[in-house]
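Before I ask anything, let me first share the structure, which is written out below as structure tokens.
The values are calculated or read from the model by the stated rules, or taken from the named source; none is laboratory data. Worth saying up front: this structure is predicted, and the values here are computed from it rather than measured. Here the Cβ is made from the backbone with ideal geometry for all residues, glycine too, and neighbour counts use every protein chain on show. Calculation scope for accessible area: heavy atoms of the full protein, side chains included, ligands and nucleic acids excluded. Shrake-Rupley method; radii C 1.70, N 1.55, O 1.52, S 1.80 Å.
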Amino acid sequence: MRTLDTLVDRHGDLAGRTVLVRCDLNVPLEAGPGGAKTITDDGRIRASVPLLSDLVGRGAKVVVMAHLGRPKGTPDPAYSLAPVGQRLEQLLGTPVRVAEDVVGESAQEAVRAQEADRVVLLENVRFEKAETSKDDAERGAFADRLAALADVYVDDAFGAVHRKHASVFDVAQRLPSAAGPLVAAEVEVLDRLTGDPERPYVVVLGGSKVSDKLAVIENLLPTVDSLLVGGGMCFTFLAAQGHDVGSSLLEADQVDACRTLLESGKIVLPVDVVAATAFSADAEHDVVPADAIPPDRMGLDIGPESVRRFADALAGARTVFWNGPMGVFELAPYADGTRGVAEAVAGLSDGDGEGGGLTGALTVVGGGDSAAAVRALGIGEHRFTHISTGGGASLEHLEGKALPGLTVLED
Ligand code: ADP
Ligand code: MG
């Protein structure tokens, strides 16, 4: 994969040149008093700062493009990047001018008038319906206009690399292009999980649906030493073992697939679950054996004995990938399973994955809700080697799929 160094080696110094950068600035916004938007979590903006300040430091004219939310292919003030531009300006300490459109008069004028220590932020790329079009020619024509704004292109938006979108895929074919440091770091870590990981290699999966994760399970199962399954998806596995799961989440059409996966002998299931009378924090709930869930109860978390067994299975692991909460962690009575497993994983790593700590295991957390759980439960993000920023992209990468936004950055 081409990096910034490759780009400079081949195309020369970036001073005075216009660098178009695709960032992931898709942050959660809340409407404050008077309708002004406030950013509730600026993590993605902060993560984008190192590359942007590096480029500004090199004397490049930086033009940033990003999407925000899901506008319907037309300008919509509710999804304007203006508040993001303000925050980026504060964090970067460099003036950021937000264009009023993506490739129109305003964007062209902003780029024309740009000086080297100024940043231009194009408006939300999804204001143009060609951005996400399935039609190659339509996307291509839009990408031509984006490419016309700049000399080179850098993609630092890992969360979007699985999308065949104009700002991710097509524009990279039209300019000298490279991966930014966030994309490079994600790919390096995920490649370590699928390549020749240090053993024991333990994968922990949870979350809501087996059907979402089946492809990942199938691709990882041959490489892992054990696969611990919790969350909503464990009930389909328990059903495949012939157990009654009450009113728990169950995907009846996946039972056969789960039965086949169980034949690997590598899958570890919960032995107890927190079973509630309803999907609610106030519902009556008790710990019951996983093979004796009462018909009128639903399992909303793994139980304490399961947490102990999962922690035992994790002890001594050198490589861990964890995706999907163990229970409905958003409701306090069902958060203990996720907290317990997160602590067990975090305890394996000294946080930098380079060894030298207690065991120095490589610990990777993937998935939007899993990353949110780590933050919400106060586990401390630094206690893991890596928390993947792009949920969908990281899962597709682990499924072994070729991702359009990465393929296009490879020689
Ligand atoms: P990620 O985003 O990390 O990949 P998912 O999107 O697959 O994770 O799943 C996260 C959701 O799974 C959470 O909102 C959580 O409440 C839900 N969940 C976990 N365990 C259960 C359960 N036992 N029953 C229903 N939902 C569950
Ligand atoms: Mg999710």
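Of the residues that sit in segment 1-28 and are farther than 19 Å from residue 49 by Cα and aliphatic (A, V, I, L, M), which one is farthest from the chain's Cα centre (by Cα)?
Filtering first and then ranking leaves 8.
Do we have residue 112 as in contact with a His (Cβ under 6 Å, 6 or more places away or on another chain) and in the same structural domain as residue 58 (by TED's automatic domain parsing) here? Let's see the steps before the verdict.
Working: in contact with a His (Cβ under 6 Å, 6 or more places away or on another chain): no; in the same structural domain as residue 58 (by TED's automatic domain parsing): yes.
Against the criterion (in contact with a His (Cβ under 6 Å, 6 or more places away or on another chain) and in the same structural domain as residue 58 (by TED's automatic domain parsing)), residue 112 does not qualify.
Further question on the same structure: Does segment 287-297 contain any residue that is of a type outside the set (A, V, I, L, M, F, W, C) and in contact with a helix residue (DSSP H, G or I) (Cβ under 6 Å, 6 or more places away or on another chain)? Full working, then the answer.
Kept after step one, since they are of a type outside the set (A, V, I, L, M, F, W, C), are these residues of segment 287-297: 289, 291, 294-297.
From what's left, in contact with a helix residue (DSSP H, G or I) (Cβ under 6 Å, 6 or more places away or on another chain): none.
Taking every residue of segment 287-297 in turn, none turns out to be of a type outside the set (A, V, I, L, M, F, W, C) and in contact with a helix residue (DSSP H, G or I) (Cβ under 6 Å, 6 or more places away or on another chain).
Which condition does residue 292 not pass, out of (1) open to solvent by less than 30 Å² (accessible area, probe 1.4 Å); (2) more than 19 Å from residue 193 (Cβ to Cβ); (3) among the aliphatic types (A, V, I, L, M), if it passes all the others?
Failed condition: (1).
Being of a type in the set (Gly, Ala, Ser) and open to solvent by 40 Å² or more (accessible area, probe 1.4 Å) narrows it down to one residue among 390, 400; which is it?
Going through 390, 400 in turn, the sole match is 400.
Pick out, from segment 1-115, the strands (runs of 3 or more DSSP E) lying fully within it that include 2 or more residues that are surrounded by fewer than 17 Cβ atoms within 10 Å (Cβ to Cβ).
It comes to 29-31.
Restricting the search to segment 241-285, which residues are under 13 Å from residue 327 (Cα atoms) and loosely packed, with under 13 Cβ neighbours inside 10 Å?
Scanning segment 241-285 gives no hits.
Ok, one more. Output the residue which, of all residues in segment 302-335 that are of a type in the set (D, E, K, R) and free of Cβ contacts under 8 Å to residues at least 60 places away in the same chain, is least open to solvent (accessible area, probe 1.4 Å).
That would be 305.
On to the next question. Between a first residue in segment 204-219 that is of a type in the set (Lys, Arg) and a second residue that is near ligand 2 (Cβ under 10 Å from one of its atoms) and modelled with pLDDT of 90 or more, which pairs have beta carbons less than 8 Å apart while being 6 or more apart in sequence or on different chains?
213/207; 213/323; 213/324
To continue, here is another question. If I filter segment 171-226 down to residues being under 24 Å from residue 349 (Cβ atoms) and part of a strand (DSSP E or B), which single residue comes out as nearest to ligand 1 (Cβ to nearest atom)?
Applying the filter and picking the extreme gives 205.
Moving on to the next point. Scan segment 380-392 residue by residue and report those that are in a loop (DSSP other than H, G, I, E, B), within 12 Å of ligand 1 (Cβ to nearest atom) and either on the phi > 0 side of the Ramachandran plot or in contact with a His (Cβ under 8 Å, 6 or more places away or on another chain) (or both).
The one that is in a loop (DSSP other than H, G, I, E, B), within 12 Å of ligand 1 (Cβ to nearest atom) and either on the phi > 0 side of the Ramachandran plot or in contact with a His (Cβ under 8 Å, 6 or more places away or on another chain) (or both): 390.
Follow-up. Kindly establish whether residue 185 is at pLDDT 90 or above and open to solvent by 10 Å² or more (accessible area, probe 1.4 Å).
yes
Considering only segment 358-379, state which residues are more than 11 Å from ligand 1 (Cβ to nearest atom), farther than 17 Å from residue 334 by Cα, open to solvent by 20 Å² or more (accessible area, probe 1.4 Å) and among the small types (Gly, Ala, Ser).
Residues satisfying the conditions do not exist here.
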